[in-house]
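The values are calculated or read from the model by the stated rules, or taken from the named source; none is laboratory data. In this text the structure is predicted, and so the values were computed from the model without any measurement. Here the Cβ positions follow ideal geometry from the backbone for every residue, glycine too, while neighbour counts run over all protein chains shown. What goes into the accessible areas is simple: the full protein's heavy atoms, side chains included, and nothing from ligands, DNA or RNA. Shrake-Rupley method; radii C 1.70, N 1.55, O 1.52, S 1.80 Å.
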Amino acid sequence: QVQLVESGGGLVQAGGSLRLACAASGSIFSINEMGWYRQAPGKQRESVADITRGGSTNYSVSVLGRFTISRDNAKNTVYLQMNSLKPEDTAVYYCKVDMRNPFGHVYEYWGQGTQVTVSS
């Protein structure tokens with residue numbers, strides 16, 4: 001059984017920083033792409049950042065220059081360093097991981113979500 005556990009969310013003031021982590025555990029053969037999504041109340045879920053197995057990254061324009069996604073393949077963990085946080089960053093952040101089994105089949109897994117609240 002594969003499980004994704006998110007951590008690092010919380011309440012911070014505008015301009016502050018938080019570091020989110022998403023650790024995958026269980027029966028893991030290989031992890032391909034990993035990423036972060038967020039959803040604010042009344043809004044659709046949006047992609048924040050993602051990173052490939054080889055380290056290529058992609059960011060939403062709204063977070064570019066402020067957020068940094070990284071991964072530790074040895075720990076099966078993806079991180080999101082969030083700096084210069086703004087009230088509009090307030091949302092539930094979800095980790096998404098694409099995993100591959102020994103037969104080459106890819107499966108998508110989601111974390112439980114962690115709340116990030118930025119006060120002004």
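Tabulated data for the structure shown
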read-out	value
Filter result (open to solvent by less than 40 Å² (accessible area, probe 1.4 Å), outside any strand (DSSP E or B) and touching a strand residue (DSSP E or B) at 6+ places or on another chain (Cβ under 7 Å)) within region 10-58	Ala40
Close pairs from region 27-55: first more than 25 Å from His105 (Cα to Cα), partner among the aliphatic types (A, V, I, L, M) and surrounded by fewer than 20 Cβ atoms within 10 Å (Cβ to Cβ), Cβ under 8 Å, at least 6 apart	Arg38/Val92; Gln39/Val92; Ala40/Val92
Long-range neighbours under 7 Å by Cβ, at least six apart or interchain, first residue of a type in the set (Ser, Thr, Tyr) within region 84-107, second at pLDDT below 95	Tyr107/Met99
Residue list for region 68-116, filter: at pLDDT below 95 and either in contact with a helix residue (DSSP H, G or I) (Cβ under 9 Å, 6 or more places away or on another chain) or aromatic (Phe, Trp, Tyr) (or both)	Phe103, Tyr107
Which numbered condition Gly65 misses (of (1) touching a strand residue (DSSP E or B) at 6+ places or on another chain (Cβ under 9 Å); (2) closer than 23 Å to Ala24 by Cβ; (3) of a type outside the set (Asp, Glu); (4) open to solvent by 70 Å² or more (accessible area, probe 1.4 Å))	(2)
Selected residue (criterion: nearest to Ser120 (Cα to Cα)) from residues of region 59-107 that are among the polar types (S, T, N, Q) and assigned to a strand (DSSP E or B)	Gln81
Residues (small (Gly, Ala, Ser) and either in contact with a Phe, Trp or Tyr (Cβ under 7 Å, 6 or more places away or on another chain) or within 21 Å of Pro41 (Cα to Cα) (or both)) located in region 64-117	Ser70, Ala91, Gly111, Gly113
